[in-house]
1. Within the bounds of region A:311-318, is there any residue that is at negative phi, within 9 Å of another protein chain (Cβ to nearest Cβ) and of a type outside the set (Gly, Ala, Ser)?
2. Does B:Gln216 count as of a type in the set (S, T, N, Q), under 28 Å from B:Ser421 (Cβ atoms) and open to solvent by less than 10 Å² (accessible area, probe 1.4 Å)?
3. Show me the helices (runs of 4 or more DSSP H) entirely contained within region B:383-498 in which 2 or more residues are over 30 Å from B:Cys353 (Cα atoms) and free of Cβ contacts under 8 Å to residues at least 24 places away in the same chain.
4. With the structure loaded, tell me whether B:Tyr809 is open to solvent by less than 30 Å² (accessible area, probe 1.4 Å) and more than 52 Å from the chain's Cα centre (by Cα) or whether it fails that test.
5. Any idea which of (1) in contact with a strand residue (DSSP E or B) (Cβ under 6 Å, 6 or more places away or on another chain); (2) surrounded by 23 or more Cβ atoms within 10 Å (Cβ to Cβ) is the one B:Cys329 doesn't satisfy?
6. Has region A:260-275 got any residue that is at the interface with another protein chain (Cβ under 7 Å from one of its Cβ atoms) and either surrounded by fewer than 23 Cβ atoms within 10 Å (Cβ to Cβ) or at pLDDT below 90 (or both)?
7. With the condition kept exactly as written, say whether any residue in region B:829-847 is surrounded by 23 or more Cβ atoms within 10 Å (Cβ to Cβ), at pLDDT 85 or above and farther than 19 Å from B:Glu773 by Cβ.
Amino acid sequence: MSFFDAGSSGGGRPIIMVRGMVRGERVESNRRDFLIRSGKALALAGGSTALGLAIHNRDLGVRDTGQNERVRSFLPKDDPALAQLAIAKGEDPVALVRAAVDGLGGIRRFVSRGDVVAIKPNIGWARVPAQAANTNPDMVAEMVRMCLDAGAKRVIVSDVSLNDPQRCFDLSGIRVAAANAGAHVVLPQDRHFRERALGGEMLKNWPVYLTLTEADKVINMPVMKHHNLCAATGAMKNWYGLLGGTRNQLHQNIHLSIADLATFMRPTLTILDAYRVLFRNGPQGGSFRDVMLKKQVIATIDQVAADAYGITLLGRKPEELPYLAMAEERKIGTMHWQKLRTKIIEVGAKPA
Amino acid sequence: MKKLWARFLSMWPAWRARPGVDCPEARKKIKLAPRGTSKKGRVLLWCRRISQAAFLFLFMFLLVRTEYRGNFADRAQETSRMTAVVGAAIEVSRVFSLAGASLAGAPLPAAFVALGDGQYKLDYLDALLPEIRLDLPTSIFLEADPLVAVSTMIATRSLYGSLAWALVLLGLTIFLGRFFCGWICPLGTLNHIFSYIRPSRVGARRIQANLTKPYQWLKYYILIAMLVMALFTTLQVGLLDPICFLTRSMSMAVLPAANYAVRGTLDALDATDVAWLKEAANVGYAMFDGNVLAARQGFFHWGWVIGAIFIGIMLLNRYITRFWCRALCPLGAFLGIFSRFSIFGLRKDHAKCTDCNLCLVNCQAADSPQGGVKWQGSECHLCFNCEAVCPDDVLHFEFFPNLKRSVAPAPDLGKRAALFSGFVGLATYPMSRASDMVSQNYDHRVIRPPGSVEEKEFLERCIKCCECMKVCPNNALHPALFEAGLEGVWSPILISRIGYCEHECVLCGSVCPTGAIRNISVLEKVGRGEYAGKPIKLGTAFYDLGRCLPWSMDTPCIVCEEICPTSPKAIWAIEEWITKGGVPYRLQKPKVDPQLCIGCGACEKVCPVKDKPAVYVTAIGESRSDDRQLLLDKNAASNDRRWEGPQLVAPGKSKLPEGAQPANAPNLSAPPPAPNARLPNVAADPKFGQAPRPDRAQIQAANASERSAAASEAKGARIDATDKQASLLPTAVGGFVPREPPRAFAGKNLWEYMNGSAPGFTKYGFRRMVVCEYTRPGNDKQSITVEIFDMGSPRGAFGRFAEERDPSYAPVALGVDGFSSGGLVALWAQRFFVKATGTEDNAEMNALLLSFARAVAAKIGVAGKPLPVFARFPHEGRKPRTDRYWPRELGDVPGMSGGFSIDFKTGGRDLTLMIADTSSESGAKKALARVANAYPRAKVETDGADEVLSVGGEEDAILFVRRKGELAGVKGRLPHADALAWVRRLFLRKGGAESPAKKRAPARVKVRRDDDGDDASPSGGGDASPYGG
């Protein structure tokens, strides 16, 4: 008995009967009941109003457009005593990767003990290695081993494929090769993508594949090949594989979108596979006849220079790629790769 | 309606319940999950339940695994084979690169095929391409389905592949009866389970419902109709065959829905910021990945209809136990017919029966187990419920029971009704074929999977099980509703907008149990090896030119060309140089080569015209059809002569001159361009590591012409005279008037005006620009473009101005500062950076540009003052016009914050002095730490109140000094002590370790106008920042 109903109804006689009430019985209400009911109604009305106000116009299309500072930079320290660009030539793809990285001062310059390293090869197409549409699996495996030897805690190998990913990862040989070498091979799932501000000139917000961007070190491992729309694809265009969403629309301004992506993403190291080079019918080839052998691997800390050198292997000039000029203007790197400290290594060993 | 139904029922002899129906004892004892009264009964029940669960699990397991997932272990062998392929291909290419040179001594790789006459053709090891197949017999349930086997056998007069398994089941049924329904059938088990969950009828009503009733004969009529249809070559058993029905319902509706729900829940958990929820999501992913979760979410056309039918069938169990099995299932009817010779059956001890009706309560199939009536053997599922619950030892399942006494003969269908149902089946065939969809008006959307047989035979074979759709890795195959005509309901069609046919995938053919899709090899599908030049075509791609970006909107795209999987690509492009906004660029307009196109639909899938695609595939030209062809000769080789397969010409008999390349062959022997081989001495070359400076004038000239042209057609918002910023534009100067109203661009769409160069403005704080092009009436050749950039602040305006300025340009007394260079006059005033660009570089034009610039400067009014910070730099040795503002990375030093710099030349040395734009001590500290981090050999020392960071030692110095919140530095080649002295002159605060007094500039200097006109005023404009702007 609260004090509100003191004296109003004697003896605790139940006045309101809901269940088992006899039909026709007079229903009376007391003050206590009235207050409880009104309190509940008020709480419900107040609560819903508060909720409505709290979420009113919430996130109404307001997005962080981002500025240029949204850069994911994994760049290593530049050391004037060490080369910035290393070109290894020889027969054995595996030896070439090692030699090229050694030419820059060795893997320990780039990977420290305990690092989580993300390696981003090109695994875009359901093609076998000999068709040269994807990065050479042996090279990826060798890179994984080198990172682990340098003390990396975890090496992740992944890409956002264009064909069926299961098939791309298998046919490219990268799933088996990288996994055997000790890498975590990750196939992209929707949940790995989050919208991020790229801060680009044209690319403002885009779903980004976080598996590749949220690591301590990021190694870009593209393959040099022909591309009909933008002449050639190599290191910078490989960052298309970072994006989800309707990335096929990027073709409408392919050079600017490549430049924007390369501005956003600055890898620790770029290893350009120019062993087998797809020189026509790019970027997916399909026949061994579209492939020629160049037997080179380029390692560099300057992704622009990698492309600038790579396109010469296709018999074209860096000036033909507008995105290189844009990158140069933005000081991402230089298209005049000859100006870098360059080391050329001839690897004598024949494949076993 | 009710009356009609009653009348229908009255046509058949009634099976009446025995008197015990209303026995109150039975009502009490009714239990839905019988426990069994005897040990034998209990064992039998549990055996049955375990069998049912096991087969349901097996069915679901195989169904979930009906998709390709890469497997690490199983592919080891594949890898070694692949390595062999790779190695051989390298070998081939190597030999190929020696074309024309000697092959002597080298064994010819197996990839070469001798053509005779000394010529060899490269076979390129096509036969070694790996094929991806499933590792489990995923369609085993369908293959063991006797109805599927018999009906396709009737329709096609042949028995396909593994359907022979069905004969085993059929044989067992002949001897044992319908054990399949009670013990194996996964749909039966599901019906069983759903009958158990909250049935609406209990007690006496349930007993009544479980009496044998005439509606149960419906399934026999369905069976008759379907078999007659099959005889007339239209196969419809798949609509109601339980295995087909369940496979279809599960893979098209239930599993995708479960996948969507589970993944959605887990993704929502994963997207939270709560650690333990994320962990829970990870546990969930680990648990469900590979069983509930498909490799990719499927979205199926008409999936909801299939799902709704399934749910409806399941709900019917609430009213009548296992209604599907009793009334609809043609397989049940089929097995029932064969079970009439069974040697296994129910013996009833009628004398002992007390009419408790417990057997009826628990009966699944309504087969009259109770005493006093004959058992309907062909209805019974052999679930053994009745024997288990019988309290009086009446019912016994045993071999060779006295069949004559206890088993009713075959169901009395009635000749007329049976004939009628046969007639229904008979009529369906001509009626559906006389309809238009199959032959006359073939629907262009009916694109069948690769390897499908010709449409008429396809309809004889397809059982609508949807296995092919389940296994398709790209979600390309979908159940048709009426697209393929009445006969083709739930048959597979390819909807490219949702998914395309993966080039080297043949999984649909490998799971098809009836051969409607042949089990083809990859080589046959893509046309390599023995099938060279004859790939399987599903249809042909067409362009909708009105919607295509390059064709109708002059916008570069050709995503379709990129994804086209054939080699050479079936999509090729006409190249055109067009001018848009005055800027010439290459436009590629795609076209289809109908001979090369395989109709895979990849182009349609990726076309960025999202709703109705600009390129789409229709079924015409599919290789399985002889009459629906686009080209006169469907087997003709492509007339594409972009390149021929290279042919190796053996040495000696070479038809080509020595050393020549085969026609169109890649020039493999040509050496790559020689890269720069030097690894130069770093210390000796001071410029090393610096980016080469492009020719400024050249770049500016190029940009200027591009921009002035772009200004006339760029997409920027047109603005009117009331615009404040646009009012700064002159109306007319020297006879030049605006060609069009001015345009404005903000930071968001600046790239539309200067594709690729916008960051060069935004980094200085760009806000908005207006641009206007001026011409003389009647003279289009000469034009002047005036751009006014609002850079947000004087410092931003100065920064951009300084970046575009070169020390060699002639200074102009305009605004705060200005310069003139060939065809360009620029100035900055207040927060505006102004450029006037002409189409020519001559005296007249330059004078005009100056007057334009002057006009703008006059409209801006008070120009403001130079940035006060530059007054802090010493005066002696200043190089004129080298003052810069850096929004970040002062002096290109990585990690440094923004700031101001001036170049000096003193004592034969080049220096750059820098003052960082730091406002707080912690900011300065952080900037210094970042620089230290960027240079591995940076040294950081403390010298009194100063923190000194030096890089590069005595001769190649970068040196920064921090004094409290101030940070200044020098770059150049000078001894450490000198560098320190130089830097210390730049501070406002007095430090502990003083530099020589005579070299020290006062913290504030008097205004002194330099010859070069780029000096600073000390008082500044009263800005909040000590450095101005």
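The values are calculated or read from the model by the stated rules, or taken from the named source; none is laboratory data. Note that the structure is predicted; figures quoted are calculated from it, not measured. Cβ coordinates were reconstructed from backbone atoms using ideal geometry, including for glycine residues, and neighbour counts include every protein chain displayed. Quick note on the areas: whole protein, heavy atoms, side chains included, nothing else; ligands and nucleic acids left out. Shrake-Rupley method; radii C 1.70, N 1.55, O 1.52, S 1.80 Å.
1. Looking for residues that are at negative phi, within 9 Å of another protein chain (Cβ to nearest Cβ) and of a type outside the set (Gly, Ala, Ser), one finds at least one in region A:311-318, hence yes.
2. In short, yes.
3. The qualifying helices (runs of 4 or more DSSP H) are B:415-434.
4. It is true that B:Tyr809 is open to solvent by less than 30 Å² (accessible area, probe 1.4 Å) and more than 52 Å from the chain's Cα centre (by Cα).
5. B:Cys329 satisfies all of (1) in contact with a strand residue (DSSP E or B) (Cβ under 6 Å, 6 or more places away or on another chain); (2) surrounded by 23 or more Cβ atoms within 10 Å (Cβ to Cβ) except (1).
6. There is no residue in region A:260-275 that is at the interface with another protein chain (Cβ under 7 Å from one of its Cβ atoms) and either surrounded by fewer than 23 Cβ atoms within 10 Å (Cβ to Cβ) or at pLDDT below 90 (or both).
7. Yes, region B:829-847 has at least one match.
Matching residues to (1) open to solvent by less than 30 Å² (accessible area, probe 1.4 Å); (2) in contact with a helix residue (DSSP H, G or I) (Cβ under 7 Å, 6 or more places away or on another chain); (3) not in a helix (DSSP H, G or I):
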site: B:Leu159; (1), (2), (3): no, yes, yes
site: B:Val168; (1), (2), (3): no, no, no
site: B:Phe175; (1), (2), (3): no, no, no
site: B:Phe194; (1), (2), (3): no, yes, no
site: B:Ile207; (1), (2), (3): yes, yes, no
